[in-house]
Amino acid sequence: MTKLVTLDEVKTNEKVQTFIRRADEQMEAIGYTEHGFRHVNLVAHNARRLLTELGFSEREAELAAIAGYLHDIGNMISRIMHSKTGAVIALNLLLEMGMDADEAGAIAAAIGNHDEQEGGTIVSPITAAVVIADKADVHRSRVRNPNMAAFDIHDRINYAAQHAELKVGNHDHTITLDLTIDTSIGSVFEYFEIFMSRMLFSRKAAEFLGYRYRLTINGVPML
């Protein structure tokens with residue numbers, strides 16, 4: 001018998017907690033920014049908020065939140081193709097928890113398509129919400145390296161990001177990522193140098209939802 005699995009149930013699942021922790025340990029070992037509980041909680045929150053503010057059903061917003069929480073679980077295996085391995089891991093976990101196969105499949109599809117560098121495609125509103133929420137998490141709290149002199153460009157740009165906020169404009173059909181960047185640490189040009197593909201993927205996701213994607217940095221419209 002299937003049941004309506006909730007995000008709260010997913011969060012308290014011992015296997016889920018273990019896999020997210022190990023996924024972040026893997027990312028730390030290869031020198032990546034934080035991909036642990038802070039990141040996945042934020043992505044889950046924003047994915048749910050996006051669909052809620054866009055008028056989708058409460059259940060679809062819940063599924064987006066679950067997908068957001070589980071989206072990086074494949075990093076436990078490897079960063080390479082983590083979206084695909086993560087989709088399989090999440091699918092098995094959710095079916096084991098008793099989730100309906102159609103809902104579990106929708107979540108797996110969103111996870112499997114959330115990374116533009118791994119051939120991701122926007123296949124559903126759930127996918128779109130996870131993509132936008134994931135790519136919007138640029139913030140200094142993600143940087144693990146305590147030595148600013150040893151920052152690479154990813155560390156520098158994340159550390160330069162003092163504030164990041166997603167805003168939904170239903171009046172003009174826009175989804176805006178509003179960033180505040182300390183340009184004495186990292187330049188706007190460097191931001192685009194490393195994040196352009198993410199912004200373009202976010203734009204495709206917004207367009208799938210019938211909205212226009214906008215980026216503002218320090219109050220200046222960029223996209």
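The values are calculated or read from the model by the stated rules, or taken from the named source; none is laboratory data. What you see is a predicted model; the values in this text were computed from it and never measured. Because the Cβ atoms are built from the backbone with ideal geometry, glycine has one as well, and the counts that use them run over all protein chains shown. Just the protein is used for accessible areas: all its heavy atoms, side chains included, with ligands, DNA and RNA removed. Shrake-Rupley method; radii C 1.70, N 1.55, O 1.52, S 1.80 Å.
Kindly indicate the residue of region 154-171 that is touching a helix residue (DSSP H, G or I) at 6+ places or on another chain (Cβ under 9 Å) and open to solvent by less than 40 Å² (accessible area, probe 1.4 Å) and also nearest to Ala136 (Cα to Cα) among those meeting that condition.
That would be Leu166.
Residues in region 112-126 that are modelled with pLDDT of 95 or more and polar (S, T, N, Q) were compared, and the one that is surrounded by the fewest Cβ atoms within 10 Å (Cβ to Cβ) is Thr121.
Quick one: how many residues across region 26-45 are in a helix (DSSP H, G or I) and open to solvent by less than 20 Å² (accessible area, probe 1.4 Å)? Steps first, please.
Within region 26-45, the subset in a helix (DSSP H, G or I) is 26-29, 37-45.
Of the ones still in play, those that are also open to solvent by less than 20 Å² (accessible area, probe 1.4 Å) are 27, 39-40, 43-44.
Adding up the residues that qualify gives 5.
Could you tell me whether any residue of region 91-109 is over 15 Å from Ala44 (Cα atoms), touching a helix residue (DSSP H, G or I) at 6+ places or on another chain (Cβ under 6 Å), open to solvent by 50 Å² or more (accessible area, probe 1.4 Å) and assigned to a helix (DSSP H, G or I)? Within region 91-109 (the criterion being over 15 Å from Ala44 (Cα atoms), touching a helix residue (DSSP H, G or I) at 6+ places or on another chain (Cβ under 6 Å), open to solvent by 50 Å² or more (accessible area, probe 1.4 Å) and assigned to a helix (DSSP H, G or I)), the answer is yes, since at least one residue qualifies. Do you know which residues across region 51-88 are open to solvent by 10 Å² or more (accessible area, probe 1.4 Å), in a helix (DSSP H, G or I), out of contact with any Gly (no Cβ under 6 Å at 6 or more places or on another chain) and in contact (Cβ under 8 Å) with a residue 12 or more places away in the chain? Residues satisfying the conditions are Glu53, Arg59, Glu60, Glu62, Leu63, Met76, Val88. Out of Leu200, Leu177, one residue alone is touching a helix residue (DSSP H, G or I) at 6+ places or on another chain (Cβ under 8 Å), surrounded by fewer than 18 Cβ atoms within 10 Å (Cβ to Cβ) and either within 21 Å of Leu54 (Cα to Cα) or modelled with pLDDT of 95 or more (or both). It is Leu200.
Within region 1-25, the set of residues being surrounded by fewer than 16 Cβ atoms within 10 Å (Cβ to Cβ), not in a loop (DSSP other than H, G, I, E, B) and not charged (D, E, K, R) comprises Gln17, Thr18.
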